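The values are calculated or read from the model by the stated rules, or taken from the named source; none is laboratory data. Owing to the predicted nature of the structure, the values given are computational and were not obtained by experimental measurement. Reconstructed Cβ throughout: ideal geometry from the backbone, glycine too, with neighbour counts over all protein chains shown.
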Amino acid sequence: MKIAFIVNKFPVISETFILNQITGLICRGHEVHIYGDRPDDHAKFHPDVEKYDLLKYTFYAPQIPHNKVWRLLKALWLVIINFHKAPLVILRSLKFLKSNKDAPALKILYSIIPLLGAEPYDIIHCQFGILGNAGIIYRDIGAIKGKLVTSFRGYDISWYVKEYGEKVYNQLFIKGDFFLSNCEFFRQRAIQLGCDQKRIIVHGSGIDCSRFNFRVRKPLADGKIYIATTGRLVEKKGIEYAIRAVAQVLKNYPSLEYNIIGDGHLKAHLQQVITELGVADKVKLLGWKNQEEIIQIIDNTHIFIAPSVTAKDGNQDAPVNTLKEAMAMGLPVIATRHGGIPELVQDGISGLLVPERDADAIADKLTYLIEHPELWEQMGKAGRAYVEKHYDINHLNDELVKIYQQVIVDKLQPCSEQSIDSAASPKYT
């Protein structure tokens, strides 16, 4: 099969779930092209990007200038130098631009440039619902051809819906060929919004369990206990509550060390919280690490915390891959009853669940695990077994190929003949 992946930015160290699908499809003999924007930081990326020479098959949209005048002038220049490649597509995009005078419409013009002249694809896989909206526009104006599959993964089915309204995916649900969600929680959300329940299934984000060596966790002779969290430093990750919980527990167990792997706009705020709590020598913000560095840190960790919360803007998490990786390595985990996470963590079996935004509850569960280290091994084994059964990337990639094949032969056709000038055109930001 010839497959197009429409992504946000690529490569991004925090989106290994997309990378795992790409490499899995390549290993199975399929051709994959990647369309998106350049990443902000080229310094940190997964070694598979180089191993599979993925940048050779990645096509970037031209960068959009911040200045409105330069943005328009560059758009005009792009039209002039690319018009010969696909005149009808350019004209349709200009027609779309004329009928949708908001800034996102101009983004569509920039985004279709790397698509011009591309051969038809068997599958166009849009990796978030927002990109599914974009993919429908690309296909409507003829910039890309193929069956369109859209994955819902978290913020696209939570924050985005709250921001733009419950009708934001109406056109996508009509015109899209098939839909995937990474947990049942978000599948039900999509169905409530109008997705045909027969055209959406749960297809989890997988990890390569062979890369994460299982090890039984046991207390160290010197009494030191290492705790870790991996995630972006943004509100929905709830890291502040874990910091406050660890600060409480440190009063009785001063041998703890809490390492937080990740970066984000809340870094300065979280560092201030750490300083105010007087735990800067015990709680450390390590910044972004590549996967090998993360594995090394987690391998020397005893307990993993995933304190996700529903952000004020509605953003929510699915069963996050960093949590799966920690479970695969044998760590007992503390996580929140949030989004799709209870579908991953079995309370009292592979870890412990607590309410959102409850530092006291996290502290209580952390204390409980510290005082009952005999539970670490059985929780670790249960977590590894569950991840292997439900989230193994090899099994999931086999499943993905079968899904694609079914979509290709499915006689159900989307209503793609609707006018691209419709006032109900999907939003795309």
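Residues GLY340, GLY330: which one is within 19 Å of CYS209 (Cβ to Cβ), crowded, with 16+ Cβ neighbours inside 10 Å and either within 23 Å of the chain's Cα centre (by Cα) or small (Gly, Ala, Ser) (or both)? Result of the check over GLY340, GLY330: GLY330.
Being out of contact with any Lys or Arg (no Cβ under 9 Å at 6 or more places or on another chain), basic (Lys, Arg) and in contact (Cβ under 8 Å) with a residue 24 or more places away in the chain narrows it down to one residue among LYS267, LYS289; which is it?
LYS267
Under the condition of being crowded, with 23+ Cβ neighbours inside 10 Å and among the β-branched types (Val, Ile, Thr), which residue from the range 343-358 is nearest to the chain's Cα centre (by Cα)? Top of the filtered list is VAL345.
For the structure I just gave you, tell me whether GLU119 is of a type in the set (Asp, Glu) and closer than 28 Å to GLY194 by Cα.
Values: of a type in the set (Asp, Glu): yes; closer than 28 Å to GLY194 by Cα: no.
Spelling it out, it is not the case that GLU119 is of a type in the set (Asp, Glu) and closer than 28 Å to GLY194 by Cα.
Candidates LEU148, LEU115, LEU109: the one that is closer than 23 Å to TYR404 by Cβ, crowded, with 19+ Cβ neighbours inside 10 Å and over 23 Å from the mean Cα position of the chain (by Cα) is LEU115. When restricted to residues that are on the phi > 0 side of the Ramachandran plot and either aliphatic (A, V, I, L, M) or at pLDDT below 95 (or both), the range 323-379 contains 1. Of all residues in the range 359-373, exactly one satisfies the criterion of being in contact (Cβ under 8 Å) with a residue 40 or more places away in the chain, under 26 Å from LYS312 (Cβ atoms) and surrounded by fewer than 19 Cβ atoms within 10 Å (Cβ to Cβ), namely ASP360.
Just a yes or no: is a residue in the range 300-322 at pLDDT 95 or above and part of a helix (DSSP H, G or I)? Checking the range 300-322: not a single residue is at pLDDT 95 or above and part of a helix (DSSP H, G or I). Among the numbered conditions (1) in contact (Cβ under 8 Å) with a residue 60 or more places away in the chain; (2) surrounded by fewer than 20 Cβ atoms within 10 Å (Cβ to Cβ), tell me where VAL49 comes up short. Answer for VAL49: the failing condition is (1).
Having 3 or more residues that are in contact with a Phe, Trp or Tyr (Cβ under 6 Å, 6 or more places away or on another chain) is the bar; report the strands (runs of 3 or more DSSP E) wholly within the range 1-103 that clear it. Walk me through how you get there before you give the answer.
Working: elements: 2-9, 31-37, 58-60.
Hits in the range 1-103: 2-9, 31-37.
Count of the range 103-140 residues, restricted to those that are over 24 Å from GLY165 (Cβ atoms) and either among the aromatic types (Phe, Trp, Tyr) or out of contact with any Pro (no Cβ under 7 Å at 6 or more places or on another chain) (or both), is 15. Which residue is farthest from GLY223 (Cα to Cα), if the candidates are limited to the range 302-327 and must be surrounded by 22 or more Cβ atoms within 10 Å (Cβ to Cβ) and of a type in the set (Gly, Ala, Ser)? The selected residue is ALA318.
Restricting attention to the range 181-232, and to residues there that are touching a residue at least 60 places away in the same chain (Cβ under 8 Å) and basic (Lys, Arg), which single residue is surrounded by the fewest Cβ atoms within 10 Å (Cβ to Cβ)? It comes out as LYS218. Scan GLU399, GLU388 and give me the residue that is of a type outside the set (Val, Ile, Thr), at pLDDT 95 or above, part of a helix (DSSP H, G or I) and closer than 20 Å to PHE179 by Cβ. On inspection, the qualifying residue turns out to be GLU399.
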